[in-house]
Amino acid sequence: MRFDFKNLQDRKRRYIIGLTFLFLSISLIGLAFSKEGRSSFDEAKTEILLRKLGHQLLLQSADSTSRVLPIERITPDEYRIRFEQHITFQPDSLLNTAKDLLAEDPFTRHYIVNVLNCATNAVAYGFAIAGEKEDDIVPCLGREQTSGCYIIAIKFKQAEKSTTKGVYILGSLSALAFVCFALFRPSSLQKTAKDDQPTAVFNFGSVQFDPHEKQLRINNECIDLTRTEARLMHIFALSPNETITRSQLQKEIWEDEGVIVGRSLDMFISKLRKKLETVPDINIIVVRGKGYKLESRV
């Protein structure tokens with residue numbers, strides 16, 4: 001009897017497509033009944049954690065009788081804690097207490113805390129927790145603040161926006177189309193020339209920047225960069241000798257992630273400068289009143 005290999009291959013393809021349809025259908029049903037973002041329960045839990053934070057600050061201020069006033073919700077991701085009486089605080093204690101309490105909730109692990117003066121709304125102290133310790137911004141520890149009327153303002157990173165069911169369906173159909181193309185594409189298209197793929201490494205004389213590895217190579221020495229430093233360097237490398245405004249840098253580094261930390265930009269620029277200081281032909285300079293420029297003379 002003659003064995004029909006072509007028929008067997010067609011049956012395998014139909015079997016794979018059937019499984020793909022089944023998998024996508026199950027996924028769509030699950031997504032249709034799932035809930036994304038924060039529920040009212042999660043929001044209530046956040047307010048309780050913030051009230052507990054206010055309580056701990058009062059205890060650290062040797063106040064066990066006055067009240068933490070009702071938590072104010074300014075926006076869906078921004079809250080304020082007010083107190084009945086004046087308080088004093090240690091930046092170290094405020095930082096450690098906030099990290100311990102807010103780590104209990106997966107929705108409150110990325111945030112900015114500002115201590116505001118009640119009368120002027122001026123920032124007396126602040127810090128940012130960005131999810132990675134190396135990108136946290138924590139200034140001025142160890143300095144006890146004077147007693148006064150303070151407001152604790154906390155802004156959380158925005159939750160991912162819910163996606164409509166139509167987008168899920170479109171994405172699933174796109175995935176199905178890709179699977180069908182992968183199964184039935186001509187053999188001439190199945191071979192890829194991986195060697196032709198760009199390396200995306202930037203060269204500036206003796207300096208080589210690899211954004212994927214987050215590394216600077218200077219005279220065969222590898223210098224590791226943090227995620228934020230690598231993102232800044234990538235922006236500069238794409239536009240050498242061109243002025244990039246502060247607002248553009250802040251938007252691309254922080255605002256697109258829902259977190260705005262204006263004062264930290266200068267700090268990360270300074271860190272990059274130090275890592276490039278051994279190379280005389282490349283430097284990040286300040287363009288007064290505008291922003292920064294990666295000046296390359298090679």
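The values are calculated or read from the model by the stated rules, or taken from the named source; none is laboratory data. This is a predicted model, so every value here is computed, not measured. Cβ: placed from backbone, ideal geometry, glycine included. Neighbour counts: every protein chain shown. SASA here: full protein model, heavy atoms, side chains in, ligands and nucleic acids out. Shrake-Rupley method; radii C 1.70, N 1.55, O 1.52, S 1.80 Å.
Note on Lys45: accessible area approximately 80 square angstrom, rounded to 10, probe 1.4 Å, nucleic acids and ligands left out. Length available on full extension from Glu252 to Gln85: 0.36 nm per residue minus the Cα-Cα distance, which gives 56.1 nm. Counting only protein chain heavy atoms and rolling a 1.4 Å probe, the accessible areas of Arg67, Arg246 rank, largest first, as Arg67, Arg246.
Across Met233, Met267, the residue with the most accessible area heads the list, and the full order at a 1.4 Å probe is Met267, Met233.
Note on surface exposure: Arg80, Arg109 rank Arg109, Arg80 by accessible area, highest first, 1.4 Å probe. A compact globular protein would have a Cα radius of gyration near 2.2 N^0.38 Å; the ratio found for segment 45-95 is 1.12.
Here His212 and Ser64 are evaluated by their C-beta separation; at R0 = 45 Å the FRET efficiency comes out at 0.25. Here segment 202-296 is assigned +1 on the Cβ of each Lys and Arg and -1 on the Cβ of each Asp and Glu. Its dipole about the Cα centre then comes out at about 320 debye. My understanding is that a pair violates if its Cα-Cα distance is over 19 Å; which of Lys251/Lys274; Lys52/Lys99; Lys155/Lys271 do that in this structure? Violating the 19 Å Cα-Cα cut-off are Lys251/Lys274; Lys155/Lys271. Please find the FRET efficiency linking Asn219 to Gln158, where r is the Cβ-Cβ separation and R0 is fixed at 41 Å, and quote it to the nearest 0.05. E between Asn219 and Gln158, to the nearest 0.05, is 0.45.
Taking all protein chains as shown and a probe of 1.4 angstrom, Asp63 keeps an accessible surface of around 20 Å².
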